[in-house]
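Student: Would you mind keeping the following structure in view while I ask a few things?
Just so you know, all these numbers are worked out from the coordinates, no wet-lab data involved. All values reported here derive from a predicted model rather than from experimental measurement. With ideal geometry, Cβ positions are generated from the backbone for all residues, glycine too; neighbour counts draw on all protein chains shown.
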Amino acid sequence: MINKYPVKIILDKKNNILESFDYYFNDGRSALEYGVNLYGLNNSKILVPEYICDEVIQKLNQLNMRVEYYDLNDMLIPDYNKLIKLIDNDVKSIMFINYFGLPINISENLKFAKQNNLIMIEDNAHGFSGSLKNRLLGNYGDIGFTSPRKNLNGMTGGLLDVKNK
């Protein structure tokens, strides 16, 4: 019975989660790569949280992005006062993560990215079908990706949402 529930959500034409995303991939890393390429962020500096999986860092390194880590507090929220000090002319983007599929400080993250003219990458790899204010997670950033295979017990699956497509 558990395996049928996610399939019903995806196939329900009234609430088709897949229609909220622009591109479909084998995995979240491929979705991230495509989004980075669409925005031309290769060879630039990106700010990422100190708590992040190695696979994302490996993908960013393959894209020749220079990774700079920022601190998080015990609630997994960035210290924006410290974060702003890391921004220089080489920083073009910032990654925020919805840890454990939870929307962590999204409104402040959006505000920070916009105020500092940064492309916001929303990593929602572990939060497929999660939402905030009737909007799916992974649809907030300029680039947002999610990995449904991690929640649906599948071998493949990555989704990408991009703004200004």
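Student: How big is the gap, in Å, between the Cα center of region 31-61 and the Cα center of region 78-149?
Tutor: 13 Å
Student: Which cross-chain or sequence-distant (5 or more) residues have an amide H under 5 Å from the amide H of residue 93, H modelled 1.01 Å from N in plane?
Tutor: Counting only residues 5 or more places away or on other chains, the set is 47, 119.
Student: Once you list every other residue whose beta carbon is under 10 Å from the beta carbon of residue 97, what net charge do they have if Lys and Arg are +1 and Asp and Glu are -1? All intermediate terms of the calculation are to be shown ahead of the outcome.
Tutor: Details: positive: none; negative: 122, 123.
Every neighbour counted, the sum reads -2.
Student: Counting other Cβ atoms within 10 Å of each Cβ, which trypsin sites (Lys or Arg not before Pro) in region 53-134 have at most 12 and sit in a DSSP loop? Write down the numbers at each step before the final one.
Tutor: Details: sites: 59, 66, 82, 85, 92, 111, 114, 133; in loops: 85, 133.
Answer by residue number: 85, 133.
Student: Still on this structure: If you take every residue apart from residue 71 with its C-beta less than 12 Å away from the C-beta of residue 71, what net charge results, scoring Lys and Arg +1 and Asp and Glu -1? Before the final figure, lay out the partial values.
Tutor: On the way: positive: 82, 85; negative: 50, 68, 74, 79.
That sum, taken over residues with Cβ under 12 Å, equals -2.
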